[in-house]
Amino acid sequence: MKKRHYFLTAAISYFVLLIATVPASSITGLLNKNSPITIQGVSGTLWSGKAYSISIDNIQLNRTEWSFNLWKLFTGEVAIDIKTRLLKNDITAEVGTSLIGRFFINNLSAKFSADEVAQLANIPLVQLDGAISLDIEHAQWKQGEAPLATGEIVWTNAAITVADTASLGNISIILSESEQLSLNAEIKNQGGDISIDGTAELAADNNYTVNVELLPAATANNNIKQSLGMFARKQENGSFVLKKSGSINQIL
């Protein structure tokens, strides 16, 4: 038992010494050659360093700083605290992976304009207005499995313009995990031309269900009501219900 303890202590000590002294540039060179990630302007070590820019496919992060989270090693995880900028917006989070290959993000905080989110998500023919804030307590995923997350997404002063502009007030999406390892979302809003109340679920087998009721307010014009009828079924009380299900793989 003592030998195992000494061996584990020696292994962790060696690993800590390694990441504290190895220049970050030695690893970023390998990433630039063997992955879709391009990192430029690197300084510091694997323990604590900076990068002027990090490009991942079409996403570019600027002024990224990181520091190694030592205590996570004792839970079987490797994690770093990062601070970066995307489209001039600050992002902070803890990111890492477990020894079994499960990736995670903790305490993610970010805020974007709705128009920026539309650009990142490549949403065509629709104009989004307002500000979207992300406050994700925990998210985790593994290749081939559905992601899990807890936290809240808030869209303030939300508005969507297609042929006409519909004000949606302030939208809140609360994320949670079920005992069946599904990702659940509770969707509600306050104010605006349309009242929103619904749920969405992404199951462990990557099948999803959406059930949302949309009730036009007195401020909603006929164009908005007609637009709702294009993708949701009108009910006797004047509301519109959107029900949809299928495999998430078919829309990604």
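The values are calculated or read from the model by the stated rules, or taken from the named source; none is laboratory data. Here the structure is a predicted model, which is why all the values come from computation and not from measurement. Cβ atoms come from the backbone with ideal geometry, glycine included; neighbour counts cover every protein chain shown.
Going by the structure shown, is Ala159 closer than 23 Å to Ala232 by Cβ, in contact (Cβ under 8 Å) with a residue 60 or more places away in the chain and either under 17 Å from the mean Cα position of the chain (by Cα) or surrounded by 15 or more Cβ atoms within 10 Å (Cβ to Cβ) (or both)? Taking the combined requirement at face value, the residue does not satisfy it.
Residues of region 19-58 that are modelled with pLDDT of 85 or more and aromatic (Phe, Trp, Tyr): Tyr52 alone. The listed residues are Ile153, Ile82, and the only one of them that is of a type in the set (A, V, I, L, M), under 25 Å from Thr199 (Cβ atoms) and free of Cβ contacts under 8 Å to residues at least 24 places away in the same chain turns out to be Ile153. Is there a residue in region 26-47 that is over 22 Å from Phe104 (Cα atoms), charged (D, E, K, R), surrounded by fewer than 17 Cβ atoms within 10 Å (Cβ to Cβ) and not assigned by TED's automatic domain parsing to the domain that holds Asp115? Among the residues of region 26-47, at least one is over 22 Å from Phe104 (Cα atoms), charged (D, E, K, R), surrounded by fewer than 17 Cβ atoms within 10 Å (Cβ to Cβ) and not assigned by TED's automatic domain parsing to the domain that holds Asp115, which makes the answer yes. Report yes if Leu61 is under 21 Å from Ala139 (Cα atoms), assigned to a helix (DSSP H, G or I) and modelled with pLDDT of 75 or more, otherwise no. For Leu61, the condition - under 21 Å from Ala139 (Cα atoms), assigned to a helix (DSSP H, G or I) and modelled with pLDDT of 75 or more - is not met. Looking across region 183-196, just one residue is surrounded by fewer than 17 Cβ atoms within 10 Å (Cβ to Cβ) and more than 20 Å from Gly151 (Cβ to Cβ), and that is Gly191. Out of everything in region 214-232 that is crowded, with 18+ Cβ neighbours inside 10 Å and part of a strand (DSSP E or B), what residue ends up being nearest to the chain's Cα centre (by Cα)? Filtering region 214-232 for residues that are crowded, with 18+ Cβ neighbours inside 10 Å and part of a strand (DSSP E or B), the one nearest to the chain's Cα centre (by Cα) comes out as Leu214.
Looking at region 164-188, which of the residues that are among the hydroxyl-bearing types (Ser, Thr, Tyr) and in a strand (DSSP E or B) is modelled with the lowest pLDDT? My answer is Thr165.
Within region 48-81, the set of residues being exposed (fewer than 14 other Cβ atoms within 10 Å of the Cβ) and of a type in the set (Val, Ile, Thr) comprises Ile56, Ile59, Thr75.
Selection within region 110-120: residues that are of a type in the set (A, V, I, L, M, F, W, C) and part of a strand (DSSP E or B). The member of this set that is nearest to the chain's Cα centre (by Cα) is Ala110. Here Thr150, Thr97 are screened, and the one residue that is in contact with a Phe, Trp or Tyr (Cβ under 7 Å, 6 or more places away or on another chain), in a strand (DSSP E or B) and either under 30 Å from Gln180 (Cβ atoms) or hydrophobic (A, V, I, L, M, F, W, C) (or both) is Thr97. In the set (1) assigned by TED's automatic domain parsing to the domain that holds Trp141; (2) part of a strand (DSSP E or B); (3) surrounded by 15 or more Cβ atoms within 10 Å (Cβ to Cβ), the condition left unmet by Asn107 is number (3). Residues in region 36-70 that are among the aromatic types (Phe, Trp, Tyr), over 22 Å from the mean Cα position of the chain (by Cα) and farther than 16 Å from Arg85 by Cα: Trp47 alone. Against the conditions (1) part of a strand (DSSP E or B); (2) at pLDDT below 75, Tyr14 satisfies every one except (1). The residues listed here are Thr92, Thr84; of these, the one that is closer than 30 Å to Gly44 by Cβ, crowded, with 17+ Cβ neighbours inside 10 Å and touching a Leu at 6+ places or on another chain (Cβ under 8 Å) is Thr84.
Against the numbered list (1) assigned to a strand (DSSP E or B); (2) without any contact (Cβ under 8 Å) to a residue 24 or more places away in the chain; (3) surrounded by fewer than 17 Cβ atoms within 10 Å (Cβ to Cβ), Ile123 comes up short only at (1). Residue count for region 124-158, restricted to those that are of a type in the set (A, V, I, L, M, F, W, C) and either in the same structural domain as Gly76 (by TED's automatic domain parsing) or farther than 22 Å from Asn206 by Cα (or both): 9.
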